[in-house]
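Chemist: Here it is, the structure in full.
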Amino acid sequence: MARGRANVGDIREVNTEPKNTMAGTIRPTSQQKQRRQQDTAVQPAQDLALERGAIEHYADPLYYDFTYRRRRDDVEFYRRVARQYGGPILEIGGGSGRVAIPLVADGHQVTLLDASMPMLERARARALQSLDSEARKRLELVHGDMRDFALGRRKFPLVIAPFNVLLHLYEPDDFACCFRAVRRHLAPDGRFVFDVRVPEPRELARNPERIYKARPFRHPTLGYRVNYSESFHYDPIKQVQHITMRFTPAEGAPRSARPIQVLLSQRQIFPNELRALLALGGLRLAKRYGDFSGRPLAPGDSVEIVVAQRA
Ligand SMILES: C[S@@+](CC[C@H](N)C(=O)[O-])C[C@H]1O[C@@H](n2cnc3c(N)ncnc32)[C@H](O)[C@@H]1O
């Protein structure tokens, strides 16, 4: 990894001595050093599909940012939350900085932890592009697993996990470990705010053989037009939805272009189950909303936004 210019610092690894941490260096734990070759801090899952499904979609951050470029309501929501609870803010699964960078621009100090090195590198590039050198000092990038991280003795008044990050917790133990780690980093009266998609029974019942096609588009990383389709396979025992995304070269693509398949696996968390899962980590649900304007959760809502605190 190329060393960043001053201030958008290194991306550091958790559990190492915190030094020179501001938006610059990325440092590894011993396990993470091994996993570094795979560019991810995600612990290997027993199930290969889950391992792939937690990583592959985040290997191409340019495509990620392109796909979600119009998703703004949640960013505005987290900006309001940050104004309300204040910083410093810890964002787990902060990815390419889609939410963190606006928070830093608003004046908050943000620690962004993510398992994907490509996403962290992208966050650093975006910070260099859009923040001035003073603002960049407020962004700390950390390579780590949300199920096992330790950031020293620091306590955060606000921990956030925007946009389905927690759907990458597949086993009950994963939730317990993650929520305990969040609790350890929460200030006594701190808040943990996150949003997850509400499972939709009709979506889970989709025929895995059926292919859902979308319009062709110019892929930002490949640089040529692709046909795009998705298929869905729900595992009702693990409560995991596996989404297979297929990119096949469209007319005008180079002759050497090949189809690409990317797997995204998302645990389906039903709203009342979530309360019990929070309790595993010593947290309790304080409020929940059904959209980013702050309306209470109601039947038919596709997103659940949770404000939790220490139990
Ligand atoms: C849907 S993205 C959300 C990114 C960002 N929060 C946003 O709103 O754009 C999920 C993120 O979670 C990260 N992730 C998945 N499993 C993780 C884990 N075990 N520990 C830390 N991050 C993880 C992925 O690398 C990815 O950046």
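Chemist: Being modelled with pLDDT of 95 or more, surrounded by 11 or more Cβ atoms within 10 Å (Cβ to Cβ), more than 23 Å from V165 (Cβ to Cβ) and more than 25 Å from the chain's Cα centre (by Cα), is that true of even one residue in the range 227-247?
Modeler: yes
Chemist: Could you please give the count of residues in the range 135-173 that are modelled with pLDDT of 95 or more and of a type in the set (D, E, K, R)?
Modeler: The qualifying residues number 7.
Chemist: Have a look at P188, P201 and point out the one that is within 27 Å of Y289 (Cβ to Cβ), of a type outside the set (G, A, S), free of Cβ contacts under 8 Å to residues at least 12 places away in the same chain and away from the ligand (no atom under 16 Å from the Cβ). Spell out how you get there, then give the answer.
Modeler: Details: P188 fails: free of Cβ contacts under 8 Å to residues at least 12 places away in the same chain.
Sole residue among the options that is within 27 Å of Y289 (Cβ to Cβ), of a type outside the set (G, A, S), free of Cβ contacts under 8 Å to residues at least 12 places away in the same chain and away from the ligand (no atom under 16 Å from the Cβ): P201.
Chemist: Which one is farthest from Q109 (Cα to Cα) among residues in the range 142-165 that are among the charged types (D, E, K, R) and more than 7 Å from the ligand (Cβ to nearest atom)?
Modeler: Taking the range 142-165 first, the residues among the charged types (D, E, K, R) are 145, 147-148, 153-155.
Right, trim to more than 7 Å from the ligand (Cβ to nearest atom) and you get 148, 153-155.
Values: D148: 22, R153: 16, R154: 13, K155: 13 Å.
Here the answer is D148.
Chemist: Okay, moving on. Among (1) more than 16 Å from the ligand (Cβ to nearest atom); (2) on the phi > 0 side of the Ramachandran plot, which single condition is P208 missing?
Modeler: (2)
Chemist: Could I ask something else about it? Would you check if F192 is assigned to a strand (DSSP E or B) and out of contact with any helix residue (DSSP H, G or I) (no Cβ under 6 Å at 6 or more places or on another chain)?
Modeler: Details: assigned to a strand (DSSP E or B): yes; out of contact with any helix residue (DSSP H, G or I) (no Cβ under 6 Å at 6 or more places or on another chain): no.
No, not satisfied.
Chemist: A follow-up question, please. For E171, which of the numbered conditions (1) more than 12 Å from the ligand (Cβ to nearest atom); (2) surrounded by fewer than 20 Cβ atoms within 10 Å (Cβ to Cβ) fails to hold?
Modeler: Only one criterion is unmet by E171, namely (1).
Chemist: Among the residues of the range 128-148, count how many are in a helix (DSSP H, G or I) and touching a Leu at 6+ places or on another chain (Cβ under 8 Å). Reasoning before the result, please.
Modeler: Just the residues of the range 128-148 that are in a helix (DSSP H, G or I), to begin with: 128-130, 133-136.
Imposing the further condition that a residue be touching a Leu at 6+ places or on another chain (Cβ under 8 Å) reduces the set to 136.
Looking only at that region, the number is 1.
Chemist: State all residues of the range 87-102 that are more than 6 Å from the ligand (Cβ to nearest atom) and either outside the structural domain of H143 (by TED's automatic domain parsing) or not aliphatic (A, V, I, L, M) (or both); if no residue qualifies, say none.
Modeler: Selection gives G87, P88, E91, S96, G97, P102.
Chemist: Now for a separate question. Which one of A54, A82, A100 is in contact with a strand residue (DSSP E or B) (Cβ under 7 Å, 6 or more places away or on another chain) and free of Cβ contacts under 8 Å to residues at least 60 places away in the same chain?
Modeler: Values: A54 fails: free of Cβ contacts under 8 Å to residues at least 60 places away in the same chain; A82 fails: free of Cβ contacts under 8 Å to residues at least 60 places away in the same chain.
Matching residue, one of A54, A82, A100: A100.
Chemist: Out of all the residues in the range 156-168, which are part of a strand (DSSP E or B) and either surrounded by fewer than 23 Cβ atoms within 10 Å (Cβ to Cβ) or not assigned by TED's automatic domain parsing to the domain that holds L278 (or both)?
Modeler: If we filter the range 156-168 for residues that are part of a strand (DSSP E or B), which is where we start, we get 156-161.
P157, the sole residue that qualifies.
Chemist: Still on this structure: Given the conditions (1) among the hydrophobic types (A, V, I, L, M, F, W, C); (2) surrounded by fewer than 12 Cβ atoms within 10 Å (Cβ to Cβ); (3) within 16 Å of L169 (Cα to Cα), and given that L277 satisfies all but one, which numbered condition is not satisfied?
Modeler: (2)
The values are calculated or read from the model by the stated rules, or taken from the named source; none is laboratory data. All values derive from a computational prediction rather than experimental measurement. Virtual Cβ from ideal backbone geometry, glycine too; neighbours counted across all protein chains shown.
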